[in-house]
Amino acid sequence: QVKVIRASSIGHPCCRKIWYDMMGIEEDFSNQTLFTFDIGTALEPVAVKYLRLDNWEVKYNEGSQEAEILTVVPVNENVRIEGHHDLIMRYNEGDWYMVDVKTMNSYAYKTWRKEGTLRKYPQYADQLHIYMAGEYARQHLISKGAVVAINKDKVEFPLPIDAFDFDMDRLESLKVKAAYIAEHDSEPPLDEDIPSWACTYCGHKGMRCEGI
């Protein structure tokens, strides 16, 4: 049986969490956390609306996990990474960007604006690299990824966009990571240098994992 790792999961710094997700073991989230997730999903079409008002041409892969376009990246004969991208967009018939829409609070938004995606949220860049490696991206000759962010506390128009180039070495390292996780028949060991937020916001901590 082929093991599937989600594109939205592969960039997480904890391999144990990714393994749980791959095995279909659901996280235990509070209603507060689920509410936050749903707000992010609900604001996605709003971002699309205002990108179009800013004269971006947008192809929206609407529907979240039920979206029409699924990207599949084979790792080996037993493992693949897959997921649904948010949208692609271009300006004045220029190059297409593979885009992920994120919602942030003011603190996270300010830090992201200052430091950029690659430094502040490398897991978002990892997610986009999977989408950029797929057939749909190849059809549109996509070589750049971008994060579009909404500050939930104080919206900003035009929406800020942070773009970066596709990096083949980054993609290959994600495939190596996926293969390592999938080869475990039981949960992999905890990495001692994972950041504290990785446990703080994990729905497995306290249920089946002691965390760090």
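The values are calculated or read from the model by the stated rules, or taken from the named source; none is laboratory data. Bear in mind the structure is a predicted one, so any value in this text is a computation, not a measurement. All Cβ positions, glycine included, derive from the backbone under ideal geometry; neighbour counts span all protein chains shown. Protein only, heavy atoms only, side chains kept; ligands, DNA and RNA dropped before computing areas. Shrake-Rupley method; radii C 1.70, N 1.55, O 1.52, S 1.80 Å.
Using a Gaussian network model of the chain with C-alpha springs under 10 Å, which one of 76, 31, 61 is most mobile by mean-square fluctuation? Of 76, 31, 61, the Gaussian network model singles out 31 as fluctuating most.
I'd like the FRET efficiency for residue 135 and residue 114, computed as 1/(1 + (r/R0)^6) with the beta carbon distance as r and R0 of 22 Å, rounded to 0.05. The formula returns an efficiency of 0.05 here.
Computed extension length for residue 46-residue 30: 3.2 nm, one decimal, from 0.36 nm per residue of separation with the Cα-Cα distance subtracted.
Roughly to the nearest percent, how much of the accessible area of segment 99-212 is carbon and sulfur, given a 1.4 Å probe? In segment 99-212, the share of accessible area belonging to carbon and sulfur is 49 percent. Computed from the C-beta positions of residue 144 and residue 196, the FRET efficiency with R₀ = 30 Å rounds to 0.40.
Between residue 76 and residue 155, the C-beta separation translates, for a Förster distance of 41 Å, into a calculated FRET efficiency of about 0.40. When the chain is treated as a GNM with alpha-carbon contacts under 10 Å, the residue of 75, 48, 155 showing the greatest mean-square fluctuation is 155.
Summary value for segment 46-125: 21 percent relative contact order, contacts being C-alpha pairs under 8 angstrom separated by 6+ residues.
Take segment 121-212 with all the other protein chains still there, run a 1.4 Å probe, and you get 54 Å² of accessible area per residue.
Under 17 Å from a label point set 7 Å out along the Cα-to-Cβ vector of residue 55, the amide N atoms of segment 145-189 belong to 157-161.
Dividing the mean sequence gap of close Cα pairs (under 8 Å, 6+ apart) by how many residues segment 145-188 holds gives a relative contact order of 31 percent.
In deg cm²/dmol, rounded to 500, what helix-only [θ] at 222 nm does the chain give when every DSSP H run of at least 4 residues adds -39500 (n - 2.57) and the total is split over its residues? Computed mean residue ellipticity for the chain: -11500 deg cm²/dmol.
When +1 charges are put on Lys and Arg Cβ atoms and -1 charges on Asp and Glu Cβ atoms, the dipole computed for segment 87-194 relative to its Cα centre reaches about 660 debye. Over the chain, what is the relative contact order in percent, taking alpha-carbon pairs closer than 8 angstrom and at least six residues apart? Once normalised by length, the contact order is 27 percent. Among 163, 179, 108, the largest mean-square fluctuation in a Gaussian network model of the chain, built with springs joining Cα atoms closer than 10 Å, belongs to 108. Placing unit charges on the Cβ atoms of the charged side chains and taking the dipole of the chain about its Cα centre, the candidate lying farthest along the positive direction among 42, 129, 29 is 42.
The region of the chain that goes longest without hitting one of the chymotrypsin sites (Phe, Trp or Tyr not before Pro) in a DSSP loop, each with at most 14 other Cβ atoms within 10 Å, is 30-200. Around the Cα centre of the chain, unit charges on the Cβ atoms of Lys, Arg, Asp and Glu (plus for the first two, minus for the last two) sum to a dipole of about 520 debye.
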